[in-house]
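Undergrad: A single structure is presented below for examination.
Throughout, read-outs are computed from the coordinates displayed, never taken from laboratory work. Predicted, not measured: the structure shown is a model, and the values here were computed from it. For neighbour counting, all protein chains shown are included, and Cβ atoms are generated from backbone atoms with ideal geometry for every residue, glycine included.
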Amino acid sequence: MTGRRWQRAVVIGGGICGLVAARVLADHFEEVVLVERDALPDGAGPRKGVPQARHVHGLLARGGGHLEELFPGLRDELLAAGAPLFDHGEMASTTVWAGRVPRVKVGVLAHAFSRDLLESSLRRRVAALPQVVIRDATPVEGLHWNAAATRVEGVVVHSETTGAEATEVLPADLVIDASGRFSPLPDWLEEAGYPRPRTTVVDAGLAYSTQVLEAPPQSYLGLQQMNSAPDNPRGTFVARVEGERWVVTLFGAGGDHPPKDADGWREFAGSLGNSDLDALLSSATSASGVHHFNRTENRRIEYARMSRWPDRLIALGDSACAFNPVFGQGMTVAVLEAAALGRVLTKHHGELAGVARLFQRRVAGIVRLPWLMSTSEDLVWHHYRQGRTRLPLPLRMSNWYKQRLVSLVVHDPHVFRTFLRVYHMLTPPTAMAAPRILAKALFRSAGPERQPAKNVRRV
């Protein structure tokens, strides 16, 4: 756009959501200050405060397309750094409870890279924008309010001046909370006299353990073996990333967690019975220790339903709705929200009053379908972990239909293509209930009967 309408925006959080938000806001504000609690690395190194960064990360095709629009040339830059781009159906080994899915070209591109590489590429591009100022090692201690606490007018940050600790107010026309899954925003709102927002949690009791390996090329560039409630809690995601390294993430739901030690990790991997994974591990040497992560619950904060919402404040990404990372939705949803914010700001000519509440409701709409996709499986685990042996009827019906679909993807390339397009958020989930697929699921044989998994530990 040609002319910026407002003076300053402040973004809390220097992760992917915060970086993409800063990029969008730079089109609308004279200055964008991105405030990050921890010190940021100079290059593609690990960033403190991101414990899940060492695990396999997935950017869905829809999110990748939007990132390329916001950061032209990003895809080629990642490719040049050694991050493979490949057809998800053709160059990924996919296993479900019903068996191995035959590889077929589906026209859906997957990009494999480390979280560190993607963040560093985005951070370098955002830092180069003349409108953006990045202040790292600067914790935000709270919001700065107007006298009536009806409008946010900036943030209060912790700063160090001449050796003494102090606080500083950063005035802002708009404040974006992109501080992630553990955002203190509910506490800040409550302290200002707002009712505490309702929070919905669906916890599958899932945890990851990951190793980075050095291994020769395989016949695939990505590998996934999906778990399935309630009998098959174990699975894996594998990606070849830059530097010709392999990131292997093992996961288990329902409390059946992969071990944190190398020997136990290998035994857990062997229990999956995946010949492609076994071949990779037999030729690999470890390039890291085992890294564990277990804060994987789906958590949605119902900001849009609050009776009152402060003006000039917006929560994005995991700050508003955090997904079980196993579905790979978080980064894409954050990018979709940031892109939508840009469109909303474009429509509001010089007036920010009311935009925050309007857009917070837009965020709720954006996360609705991803939330349903993520929690439809996790609700089954959630109920069993609470000791409920019989699922509610709607959940039993949806789980039955989903298992019929899972069986079909092994035998039907059309269903598999549709599944991957839905998975990558290129096609709405309703496509999996289109007449042609619905008829197959209801009237064709669903293949082999499901067998309970071996070595399953219940909690």
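Undergrad: To the nearest 20 debye, what charge dipole does the chain have about its Cα centre, counting +1 at the Cβ of each Lys and Arg and -1 at the Cβ of each Asp and Glu?
TA: Approximately 1980 debye in magnitude.
Undergrad: Tell me the label-point distance for the pair S159, K347, using the 7 Å Cα-to-Cβ offset, in nm and rounded to one decimal.
TA: Label at S159, label at K347, 3.7 nm between them.
Undergrad: Show the residues, 5+ positions off or on another chain, whose built amide H is closer than 5 Å to the amide H of A39.
TA: Distant-sequence amide H within range of A39: A137.
Undergrad: Show the residues, 5+ positions off or on another chain, whose built amide H is closer than 5 Å to the amide H of E141.
TA: When sequence neighbours closer than 5 places are left aside, the close amide H contacts are V156, V157, H158.
Undergrad: Taking +1 at the Cβ of each Lys and Arg and -1 at the Cβ of each Asp and Glu, which of V247, A338, F443 sits farthest along the dipole of the chain towards its positive end, judged by Cα position relative to the Cα centre?
TA: Result: F443, furthest along the dipole toward the positive end.
Undergrad: Please report, in Å, the Rg and the Dmax of the range 92-175, where both are computed over Cα atoms only.
TA: Rg then Dmax for the range 92-175, in Å: 22.7, 64.
Undergrad: While we're looking at this one, here's another question. Would you mind checking K105/K440; K48/K260; K105/K347 for any pair whose Cα atoms are more than 31 angstrom apart?
TA: K105/K347
Undergrad: With a ≥ b ≥ c taken as the square roots of the eigenvalues of the C-alpha gyration tensor of the chain, please select rounded if a/c is under 1.5 and otherwise prolate if a/b is larger than b/c or oblate if it is not?
TA: Cα axes put the chain in the prolate bin.
Undergrad: I've got another one for you. At 7 Å along Cα-to-Cβ for each site, give me the label-to-label distance between R308 and N294 in nm.
TA: Taking the simple label geometry, R308 and N294 are separated by 4.0 nm.
Undergrad: Mind checking the full-extension length gain between S283 and R390? Use 0.36 nm per residue of separation minus the Cα-Cα distance, one decimal, nm.
TA: Details: separation 107, 0.36 × 107 = 38.52 nm, distance 4.38 nm.
The span from S283 to R390 would gain 34.1 nm if fully extended.
Undergrad: What is the gain in length, in nm to one decimal, between R196 and R368 on full extension, counting 0.36 nm per residue of separation less the C-alpha to C-alpha distance? Could the numbers behind the result be given before it?
TA: Numbers: separation 172, 0.36 × 172 = 61.92 nm, distance 2.10 nm.
Contour length minus the Cα-Cα distance gives 59.8 nm.
Undergrad: In deg cm²/dmol, rounded to 500, what helix-only [θ] at 222 nm does the chain give when every DSSP H run of at least 4 residues adds -39500 (n - 2.57) and the total is split over its residues?
TA: Mean residue ellipticity, 222 nm, calculated: -10500 deg cm²/dmol.
Undergrad: Another question, if that's okay. Taking θ = phi - 60°, what integer Hz values does the Karplus form 6.51 cos²θ - 1.76 cosθ + 1.60 yield along the range 236-242, in sequence order, with x for Gly and Pro?
TA: With the stated coefficients, the range 236-242 comes to 7, 10, 10, 9, 8, 10, 4 Hz.
Undergrad: Positive end of the charge dipole of the range 172-214 (Lys, Arg +1 and Asp, Glu -1 on Cβ, about the Cα centre): tell me which of V201, P184, L174 has its Cα farthest that way.
TA: V201
Undergrad: In terms of the Cα gyration tensor, with a ≥ b ≥ c the square roots of its eigenvalues, is the range 1-78 rounded because a/c is under 1.5, prolate because a/b exceeds b/c, or oblate?
TA: Oblate shape, in that a/c is at least 1.5 and b/c is the bigger or equal ratio.
Undergrad: Rounded, prolate or oblate for the range 279-375? Axes are the square roots of the Cα gyration tensor eigenvalues, ordered a ≥ b ≥ c, and the cut-off for rounded is a/c under 1.5.
TA: It is prolate, given that a/c is not under 1.5 and a/b is the larger ratio.
Undergrad: Among G15, V108, L79, pick out the residue whose Cα is farthest towards the positive end of the charge dipole of the range 1-160, where Lys and Arg carry +1 and Asp and Glu carry -1 on C-beta, about the Cα centre.
TA: V108
Undergrad: As a test, work out the antiparallel percent of DSSP beta bridges whose residues both lie in the chain, rounded to the nearest 5.
TA: Taking every DSSP beta bridge with both residues in the chain, the antiparallel ones total about 70 percent.
Undergrad: Give the peptides 133-141, 191-199, 284-292 in descending order of average Cβ contacts within 10 Å, highest first. Can you show the working numbers first?
TA: On the way: 133-141: 17.0, 191-199: 12.9, 284-292: 15.1.
Final packing ranking: 133-141, 284-292, 191-199.
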